[in-house]
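So the structure is just underneath, and the comments pick up after that.
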There are 2 protein chains.
Amino acid sequence: MKFAVLARDGAARRGELTTAHGTIQTPVFMPVGTLASVKSLTTEQLRALGPEIMLCNTYHLMLRPGVDLLEQLGGVHRFMGWDRAILTDSGGFQLFSLASIRKIKEEGVEFRSHIDGSPYFLSPERSIEIQARMGVDIAMAFDECPAYGLAHAEVAKSMALTHRWAARSLAARNAFGEQRAASSEQENGGSHAGGDPSLLLAARRSLIATSAPALFGIVQGGIHLDLRRESAAVIGGMDFDGVAIGGVSVGEPKHEMFEVVNFTAPLLPEEKPRYLMGVGTPEDLVNGVAAGIDMFDCVMPTRNARNGTLFTSFGKVSIKNARFAADPRPLDPRCQCLTCRTVSRAYLRHLFVNGEIAASVYNTIHNLWHYLDLMRSIRQSIASKSFGSFRDSFLSRISSGDADA
Amino acid sequence: MKFAVLARDGAARRGELTTAHGTIQTPVFMPVGTLASVKSLTTEQLRALGPEIMLCNTYHLMLRPGVDLLEQLGGVHRFMGWDRAILTDSGGFQLFSLASIRKIKEEGVEFRSHIDGSPYFLSPERSIEIQARMGVDIAMAFDECPAYGLAHAEVAKSMALTHRWAARSLAARNAFGEQRAASSEQENGGSHAGGDPSLLLAARRSLIATSAPALFGIVQGGIHLDLRRESAAVIGGMDFDGVAIGGVSVGEPKHEMFEVVNFTAPLLPEEKPRYLMGVGTPEDLVNGVAAGIDMFDCVMPTRNARNGTLFTSFGKVSIKNARFAADPRPLDPRCQCLTCRTVSRAYLRHLFVNGEIAASVYNTIHNLWHYLDLMRSIRQSIASKSFGSFRDSFLSRISSGDADA
């Protein structure tokens with residue numbers, strides 16, 4: 001994996017991330033495909049929306065269909081027919097939000113599946129092994145995500161565990177790459193005798209790098225800025241390919257979240273991609289980019305779509321609202337998505353209030369397009385050094401709330 | 001509307017139906033879009049599957065969103081963004097299968113909505129008015145559909161009512177066309193004075209014909225062949241644009257249904273399209289074509305798709321079956337649909353057992369493609385005078401039931 005910052009506008013960065021499954025323009029929003037499916041869409045529909053990378057959940061996929069099956073079927077890309085990049089989380093966040101936990105130990109976490117109660121174990125080594133065997137492009141270090149509201153001492157203790165797990169995640173990733181590279185060399189009859197030693201070393205390093213996913217570390221520390229500073233220094237100092245801010249959007253007020261993000265982002269290594277996990281609304285993306293974030297993911301556009309809440313250039317609307325019943329206009333006249341190009345507000349409301357499956361499909365297409373198009377506009381504005389004015393006009397437009405605009 | 005039989009092979013007919021929304025190659029299967037949405041698909045996905053005509057339900061659309069709204073929004077084509085032909089049923093069948101009926105009188109039917117119990121009235125005149133105002137290409141006469149198992153005398157009485165309602169439906173359609181033609185002439189400043197009277201008459205007839213939908217009559221008579229003969233003579237003798245066989249697939253055994261179809265089809269006018277309503281399985285379509293049927297509709301491919309039952313060249317399969325869990329092959333290796341081209345049996349099973357919405361989408365795409373592709377093969381085989389051998393090999397292939405074929 002390679003990352004290059006192409007342009008800057010204030011703290012905002014316009015970059016390019018290169019993976020084995022294509023190049024990703026940043027800042028980027030990654031649609032969430034929990035179970036190797038972005039809910040409501042075929043892989044072809046997702047591809048048509050244009051994202052260069054998507055996210056899948058290690059926790060969900062290890063339960064269903066399981067890593068053995070995924071590996072046997074050629075990895076998660078082949079499983080869902082997706083040829084662009086995939087990032088997986090480590091399972092850490094879902095363990096603390098979904099699973100019934102039996103024991104957190106230094107070694108790892110014993111838990112029971114939220115589906116059928118069957119017992120599982122996750123550790124840095126196991127999480128990395130699963131992510132690597134699923135064949136993803138970017139894996140995340142295994143971390144502990146402390147709940148909002150914990151006291152400083154408890155968060156500090158949790159953070160220290162996350163730091164030890166980060167080092168073990170990194171070692172596990174490197175070991176996996178070396179092991180796969182060795183078996184690949186063996187299959188190919190060993191390294192060529194008589195070659196230039198420095199070229200051989202470079203080739204071996206490249207083989208190791210492509211035999212395992214890129215790995216991002218995760219900064220924790222809750223809302224305690226001294227802990228965030230310490231975590232940024234520790235994680236930022238390790239040999240990760242990128243650094244994420246985790247443990248936000250877990251119930252804290254929005255201003256506390258942005259206090260953490262605005263404080264932490266500048267402490268992260270300049271040359272590595274920065275990923276703000278699980279965030280957020282369109283405003284959050286714009287404000288996150290302003291803080292220097294390069295990557296985002298969130299279930300909000302897809303989950304809200306299924307609930308009939310749609311993001312537009314004039315703010316959020318609930319499509320079930322009676323005022324749309326006879327409205328022949330496109331949902332968002334400024335939007336170029338399939339939904340806005342082909343059907344009316346009246347039709348979208350009709351499908352939603354009558355529980356038609358196509359409502360979820362149309363709504364998901366629109367909301368994801370809205371997010372992806374917002375990121376395109378953000379990237380253009382950074383490249384043309386007009387991000388500040390873009391941000392101002394964006395924030396004022398969405399607060400107008402005018403469906404008749 | 002125009003219909004021409006292009007080729008014959010035994011009783012099977014290869015024809016062409018011309019409507020204001022395009023030409024339809026027959027024999028044809030019409031996907032069902034109950035509420036102006038073929039369940040699970042966007043209109044674009046439906047279009048990509050290639051059907052030249054679809055069916056909507058008058059009963060459902062009159063309740064939700066209602067004909068006033070549909071007319072105000074430019075008709076059902078515009079409402080759902082569909083530019084090909086639409087046929088609507090008359091509401092007769094749903095009245096007797098879904099609604100809570102208060103009174104059946106000579107005039108029409110008082111009933112309560114199955115949604116909220118609110119009172120409605122349908123009659124031949126009201127049904128035709130609704131269908132015409134929705135702007136559909138082909139409307140169906142309003143009929144009574146007797147339950148399976150009724151005695152001969154009751155079915156005869158019901159059939160006689162259907163015949164009187166057929167005459168009223170036809171009169172209502174003609175009156176609607178004349179009324180619309182007159183207001184259209186008025187808007188355009190009246191008919192041109194001084195023209196050739198026979199040309200003027202032809203122009204007026206054409207204006208009337210395009211101002212209202214084509215109308216098909218419906219033959220009833222239950223499983224009583226003498227009543228079917230009488231009904232075919234009465235309905236076949238009226239000035240309908242096509243004739244349907246109704247009142248089948250209402251619970252009778254398959255051999256009784258085909259006794260009726262095989263008996264009735266040859267009694268219908270040669271020069272008009274013949275439509276077998278609400279039928280059926282792939283085998284039923286092949287056998288219906290063999291009896292001389294030109295048009296079919298059924299919820300089976302779309303409803304079964306949502307239940308995980310998929311039609312293949314080797315018969316029906318239940319995708320949730322554990323034997324598909326690790327199967328990397330396409331669902332049907334002979335199928336060229338998006339689903340079979342892009343994902344595996346293992347992925348389809350994973351989506352279905354985990355309740356992913358995309359399961360319904362992929363399954364619906366496959367099942368509809370299977371039906372539409374079957375009709376393409378049927379049309380080719382009639383044109384090349386090989387329908388008999390096609391039918392034999394089709395019926396033997398689907399009874400093989402071999403998912404490993």
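Within region A:120-143, the presence of a residue that is crowded, with 22+ Cβ neighbours inside 10 Å, aromatic (Phe, Trp, Tyr) and farther than 29 Å from residue A:208 by Cβ is excluded. Residues in region B:327-349 that are assigned to a helix (DSSP H, G or I) and either more than 7 Å from chain A (Cβ to nearest Cβ) or not hydrophobic (A, V, I, L, M, F, W, C) (or both): B:339, B:340, B:341, B:342, B:345, B:347, B:348, B:349. Specify the residue that is surrounded by the most Cβ atoms within 10 Å (Cβ to Cβ); the eligible residues are those in region A:341-362 that are without any contact (Cβ under 8 Å) to a residue 40 or more places away in the chain and small (Gly, Ala, Ser). Going through the qualifying residues, I end up with A:358.
Filtered by the rule that a residue be more than 14 Å from the chain's Cα centre (by Cα) and crowded, with 21+ Cβ neighbours inside 10 Å, region B:292-310 gives B:292, B:305, B:310.
Inclusion of residue A:189 among residues that are free of Cβ contacts under 8 Å to residues at least 24 places away in the same chain, exposed (fewer than 15 other Cβ atoms within 10 Å of the Cβ) and outside any helix (DSSP H, G or I) is warranted.
The residues listed here are B:352, B:324; of these, the one that is within 14 Å of chain A (Cβ to nearest Cβ) and either farther than 14 Å from residue A:42 by Cα or touching a strand residue (DSSP E or B) at 6+ places or on another chain (Cβ under 8 Å) (or both) is B:324. Taking the condition under 19 Å from residue A:285 (Cβ atoms) and basic (Lys, Arg), does residue A:84 pass? The answer is no for residue A:84. Note on region A:319-340: residues that are surrounded by fewer than 20 Cβ atoms within 10 Å (Cβ to Cβ) and under 26 Å from the mean Cα position of the chain (by Cα) amount to 2. Listed by position, the strands (runs of 3 or more DSSP E) inside region B:225-315 whose residues that are over 23 Å from residue B:39 (Cα atoms) number at least 2 are B:242-245.
The set of residues from region A:300-321 being within 14 Å of chain B (Cβ to nearest Cβ) and farther than 30 Å from residue B:68 by Cβ comprises A:302, A:303.
Which condition number in (1) farther than 28 Å from residue B:157 by Cβ; (2) in contact (Cβ under 8 Å) with a residue 40 or more places away in the chain; (3) more than 14 Å from chain A (Cβ to nearest Cβ) is the one that residue B:58 fails? For residue B:58, the exception is condition (1). For residue B:360, state whether it is within 25 Å of residue B:283 (Cβ to Cβ) and more than 11 Å from chain A (Cβ to nearest Cβ). Criteria not met by residue B:360. Checking each residue in region B:69-119 for being assigned to a helix (DSSP H, G or I), within 14 Å of chain A (Cβ to nearest Cβ) and not β-branched (Val, Ile, Thr) picks out B:69, B:70, B:71, B:72, B:75, B:77, B:78, B:79, B:80. Scanning region A:86-109 for residues that are over 16 Å from residue A:146 (Cβ atoms) and of a type in the set (Ser, Thr, Tyr) yields a count of 2.
Residues that are part of a helix (DSSP H, G or I) and touching an Asp or Glu at 6+ places or on another chain (Cβ under 9 Å) were ranked within region A:363-385; the one that is surrounded by the fewest Cβ atoms within 10 Å (Cβ to Cβ) is A:383. The set of residues from region A:87-138 being among the aliphatic types (A, V, I, L, M), over 13 Å from residue A:59 (Cβ atoms) and within 24 Å of the chain's Cα centre (by Cα) comprises A:87, A:128, A:132, A:136, A:138. Residue B:26: touching a Pro at 6+ places or on another chain (Cβ under 7 Å), more than 18 Å from residue A:353 (Cα to Cα) and either more than 12 Å from chain A (Cβ to nearest Cβ) or among the acidic types (Asp, Glu) (or both), yes or no? Against the criterion (touching a Pro at 6+ places or on another chain (Cβ under 7 Å), more than 18 Å from residue A:353 (Cα to Cα) and either more than 12 Å from chain A (Cβ to nearest Cβ) or among the acidic types (Asp, Glu) (or both)), residue B:26 qualifies. Considering A:184, A:169, the condition of being polar (S, T, N, Q), outside any loop (DSSP other than H, G, I, E, B) and closer than 22 Å to residue A:3 by Cβ is satisfied by A:169 alone. When every residue of region B:203-213 is checked against the conditions, none turns out to be in contact with a Phe, Trp or Tyr (Cβ under 7 Å, 6 or more places away or on another chain) and of a type in the set (S, T, N, Q). Contact map, region A:215-230: first residue within 27 Å of residue A:175 (Cβ to Cβ), second residue of a type in the set (Phe, Trp, Tyr) and buried (at least 22 other Cβ atoms within 10 Å of the Cβ), Cβ cut-off under 7 Å, separation 6 or more or different chains; pairs are A:215/A:240; A:216/A:240; A:216/A:275; A:217/A:240.
If you scan region A:234-275, which residues turn out to be aliphatic (A, V, I, L, M), out of contact with any strand residue (DSSP E or B) (no Cβ under 8 Å at 6 or more places or on another chain) and farther than 15 Å from residue A:89 by Cβ?
Selection gives A:234, A:257, A:267.
Of all the numbered requirements in (1) buried (at least 24 other Cβ atoms within 10 Å of the Cβ); (2) away from chain B (no Cβ under 14 Å); (3) assigned to a loop (DSSP other than H, G, I, E, B), residue A:41 misses one, and that requirement is (2). In region A:144-164, the qualifying residues are those that are part of a helix (DSSP H, G or I) and in contact (Cβ under 8 Å) with a residue 60 or more places away in the chain, and the one that is surrounded by the most Cβ atoms within 10 Å (Cβ to Cβ) is A:162.
Each reported figure results from applying straightforward, stated rules to the coordinates on display, with no laboratory input. Values in this document were obtained by computation on a predicted structure and should not be read as measured data. Heads up, the Cβs are rebuilt from the backbone with ideal geometry, glycines too, and the neighbour counts pull from every protein chain shown.
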